[in-house]
Each structure stands twice: as C-alpha cells, then as structure tokens.
Amino acid sequence: MSELPKQEANVLRGHEGAVLATRFNGDGNYCLSCGKDRTIRLWNPHRGIHIKTYKGHGREVRDVHVTPDNSKLCSCGGDRQVYYWDVASGRVIRKFRGHDSEVNAVKFNEYSSVVVSAGYDRSVRAWDCRSHSTEPIQIIDTFLDSVMSICLTKHEILAGCVDGTVRTFDIRIGREISDDLGHPVNCISLSNDGNCVLASCLDSTMRLLDRTTGELLQEYKGHTCKSFKMDCCLTNDDAHITGGSEDGFIYFWDLVDASVVSSFRAHSSVVWLHMAGNKCELSPKGQLYGNIFCRQHDSGLEKMSSTKYKINFALELPESEECCSPGNAALTVFSLQGCSVNRKEANKYKNTAKDSLEFRVQSPKSQQTKSAWNFDETMSSQTRNAADRLFLM
C-alpha cells in the first residue's frame, strides 16, 4: 500500500472564503481551486505561487475542470450557470444557462468538446463547446433528487443521485440503466480499469458495483458518513479503496476483503475524498478555515496541523506522490508515500438537439433487468448525429 501524507510542504493563501474544490491539471504541475469567494484560482503548488484569478461567477463556485491541453476550463456553482473559460486570457468564452438550481458537478468529455453538468434541479445536461449556442444539446431528467456526482467514459455518462441510484446513460443507443442502492449516493468514482464503479452512500457505506451486471461486489465500512458529502476513490493501482470520514479520519480499505488496512486523523472534522483523473484526492472538510498545508515524508504518521480555518477538499497530483487540500482562504499540498443491488429499467431521457426528443422502449428479449432504448426510427440523420456527437467526435 502507498504511504500516507505526513508533513507539510506548502501553504497556498489567497481565497477570501471557503475553498470548495481543487483540481490538478493532467501532468500535476498546476492546480485550480474554487470557493465561496466566487473565484477560481490557478496555482503552482510546488512553488507556492498564485498565478491567476478567474472572476465572473455570481455565487459560490462548486466545481472546476480543466482540459487535457490546459487551454480551457469549465466551472459551475450556485449561480445556476456553467462557465467555459480561456485559461490564458481569463476570459469567459461562454455561459451555459439551463439549470433551474445550483450546479453541483461539471466535467469535460474525453475530447474537451462537450461539457456535462449535474445539478440540484434533478438533471444532467450536456453543452457543446464548439457551437455558439448556450442551450444544452442533451438533457437527462429522470432523477428523483439532486444529482451530486458524475463520471464520463467515451460513450457513457454515469451519475450518482440523492434518490439512491447510480445511473448509466449510453449515449450511442439511448439506453439508461439504474442501480438502486437504497441509500442517498453523494459520490461515484470509476476504477482505473473502468470495470467497476464505487459509490459513497449516506449510510456510512461505500459500495463497489460491477458496471456490466450491476452486481454488488463489496461493501466498505468503518468510517462515518451520515450528514455530509463524502467522496471516495480507488488508489492508482486499484488495490485499495480510499475514503474520508466525519470523524476527521482518512481510511484505506483492501479492495478484495474490505478490511481497513490503514487510517489516520487528518483533520479535526469531516474529511472528503475526490478524484483527479484516475488519481486519489484526499479532501478534508472540517472546522479549519483558509489554509492548505503540504506534508512531506517522515518516519511515522502525525496529526495534521490545525488552524482557525475550515478545510473542505483535497486531492492527489497525477503521476506523483502528493495531494492537495483546500480550505477557506488557502490550499494545502500533502506528500504521499507510501446487500443486493436492484437494477431498474429506465423510462426515458431527453435529447434537445431537436425539440426535446424522447427515446422509446424496445420489447425486452429476456427476463434480464436491462432494457434497450433506441432512437425513434423516424429521427432524421442530422438529429441523430447531433445526439451521438457527445462522445463520438
């Protein structure tokens, strides 16, 4: 198992309110932070340098994501809009409007041509970055509660919802599959091989599902997750599960037997977990405000320093042994060492490339719980292409 964060390495200060998320770029040389001061900030976490501030949001910024080539970023938050930015100039290229409430999560697709967002309005929406339209090209609104987390593959959108489901939407054939976990889902994360999805639920349990069959493979317990969003992820080698806890601890479980192989107190209160690409992100949220601390390797585990500032998130740098934790006014970088599932059929979801078209159900060929959904036979090729282009560009 990888060694854990042990000693501070750097403190990044600048935010004037709680830091709600941090994200590293693809090579881990830079990170973006966003928070309640309505700004996004670009940092060199290794040198402790603040590079640029992006302003434009009308309320708190809840999530941010950068393209692989570092040229564009997208963000979302309490102002119900998704922002599409030019990184170099700091200019807002476009504002995507359509969500009826706060937007919780945002991601680029593989080719950075589409932004997908998830919101409190019980919907997931997709936006075309290449066109001049500010309207969504896809709306998925079959959820019964707030959508908290999304993951994207080449042809699919996965979403975790407070209604207790993990839903998979195949954009190519218009199929929706829903795995009912019976408890509110506040985070989902894909394994690095793409075969499994990990879901954090508000019953203090993380569940590992087979993506193909929906089979519950394992449950991970021992942490506390009843009131806060507690994110989760797999380690880079898919050997361990990592998760935060409301008691301030970070936990590591063995993937196969679900035993707790390590835990340590990172902060005085709630610790969250996040994913940066395929990397683990350690995300504390507690009664600490404003600082991000960097920890380097030492001979043993030690309690992280406490300040008067609140810590909300943290994450690991890709291809490195470091993680970053945001707080109210600064970021902390850490060095790193070392039940059955009810699989339900969906009824519809909408494509707005042309007048909010709906998919129609095909008769099931067997007693399997999956159902196939296809476009209407009369759909024009132009409209079909507009729907398919989400992940086929």
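The values are calculated or read from the model by the stated rules, or taken from the named source; none is laboratory data. Treat the numbers as computed from the prediction; the structure is a model and nothing was measured. All Cβ positions, glycine included, derive from the backbone under ideal geometry; neighbour counts span all protein chains shown.
Within segment 184-196, count every residue that is touching a Ser or Thr at 6+ places or on another chain (Cβ under 7 Å) and surrounded by fewer than 22 Cβ atoms within 10 Å (Cβ to Cβ).
1
Within segment 41-85, take every residue that is over 17 Å from Gly28 (Cα atoms) and hydrophobic (A, V, I, L, M, F, W, C) and give me the one that is surrounded by the most Cβ atoms within 10 Å (Cβ to Cβ).
Val61
Kindly indicate the residue of segment 10-25 that is surrounded by fewer than 21 Cβ atoms within 10 Å (Cβ to Cβ) and either touching a Lys or Arg at 6+ places or on another chain (Cβ under 7 Å) or part of a strand (DSSP E or B) (or both) and also modelled with the lowest pLDDT among those meeting that condition.
In this case the residue turns out to be Val11.
Got a sec? Which strands (runs of 3 or more DSSP E) wholly within segment 32-74 have at least 3 residues that are farther than 21 Å from Ser113 by Cα and over 17 Å from the mean Cα position of the chain (by Cα)?
Result: 39-44, 49-55.
What strands (runs of 3 or more DSSP E) completely inside segment 97-197 contain at least 2 residues that are closer than 20 Å to Asp231 by Cα and in contact with a strand residue (DSSP E or B) (Cβ under 8 Å, 6 or more places away or on another chain)?
103-108, 114-119, 147-152, 156-161, 165-170, 175-180, 185-190
What pairs come up if the first residue lies in segment 51-65 and is at positive phi, the second is β-branched (Val, Ile, Thr) and surrounded by 13 or more Cβ atoms within 10 Å (Cβ to Cβ), and their beta carbons are under 9 Å apart, counting only those six or more places apart or on different chains?
Pairs that qualify, where the first residue is at positive phi and the partner is β-branched (Val, Ile, Thr) and surrounded by 13 or more Cβ atoms within 10 Å (Cβ to Cβ), are Gly56/Thr39; Gly56/Ile40; Gly56/Val92.
Give segment 190-223 a look and list any residue that's closer than 11 Å to Gly243 by Cα and of a type outside the set (D, E, K, R), or say none.
Once the filter is applied, which keeps residues that are closer than 11 Å to Gly243 by Cα and of a type outside the set (D, E, K, R), segment 190-223 yields Leu198, Ala199, Ser200, Ser204, Thr205, Met206, Tyr220, Gly222, His223.
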